[in-house]
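Notes for the one structure printed next.
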Amino acid sequence: KSIKIGNNVSISKGVIIRDSDNHTIDNNTKKTTQPIVIGNHVWIGLGAKILKGVTIGDGAIVAAGAVVNKDIPAKALVGGVPAKILKTNVEWK
């Protein structure tokens, strides 16, 4: 429904970006769709997964295979399942 991708974003092979669960489970009232915003100059590594409701700040790096289910601040390096901040104030070229 709503996926916004900034300028100069590098998205590797096999990345999944999902703004929806597509269904509810057992009459759950949680929203099944929430917007995703990916800032400028973001690097998303091989096979990473970006889930609904996430904002990724400018200049962030998402490591290969990471599952992003929470907001990522600008210039942060994140990795893991679920993704956690590994380093701050990073810059990539």
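The values are calculated or read from the model by the stated rules, or taken from the named source; none is laboratory data. Keep in mind the model is a prediction, meaning the values are calculated, not measured. Backbone-built Cβ (ideal geometry, glycine too); neighbour counts: all protein chains shown. Please note that ligands, DNA and RNA were not included when accessible areas were found on the heavy atoms of the full protein model with its side chains. Shrake-Rupley method; radii C 1.70, N 1.55, O 1.52, S 1.80 Å.
A compact table of results
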| quantity | calculated |
| --- | --- |
| Residues whose placed amide H lies under 5 Å from that of residue 64, excluding near-sequence neighbours | 45, 46 |
| Relative contact order [Cα under 8 Å, 6+ residues apart], the chain, whole percent | 22 |
| Extension gain from residue 74 to residue 1, taking 0.36 nm per residue of separation minus the Cα-Cα distance | 23.9 nm |
| Amide H partners (placed H, <5 Å) of residue 55, local residues excluded | 37, 71, 72 |
| The chain - accessible surface per residue (Å², probe 1.4 Å) | 64 |
| Share of pairwise Cα separations in the chain, more than 19 Å, in percent | 34 |
| Within the chain: Cβ-based charge dipole about Cα centre, in debye rounded to nearest 20 (Lys, Arg +1; Asp, Glu -1) | 40 |
| Percent carbon-and-sulfur accessible area, the chain, ignoring ligands, DNA and RNA, probe 1.4 Å | 52 |
| Under 15 Å between alpha carbons - lysine pairs in the chain that sit 8 or more apart or on different chains | 13 |
| Radius 11 Å from Cβ of residue 20, net charge of other residues (Lys, Arg +1; Asp, Glu -1) | +2 |
| Antiparallel bridge percentage (DSSP; both residues within the chain; nearest 5) | 20 |
| Modelled FRET efficiency - R0 30 Å, residue 23 with residue 58, Cβ distances, 0.05 increments | 0.35 |
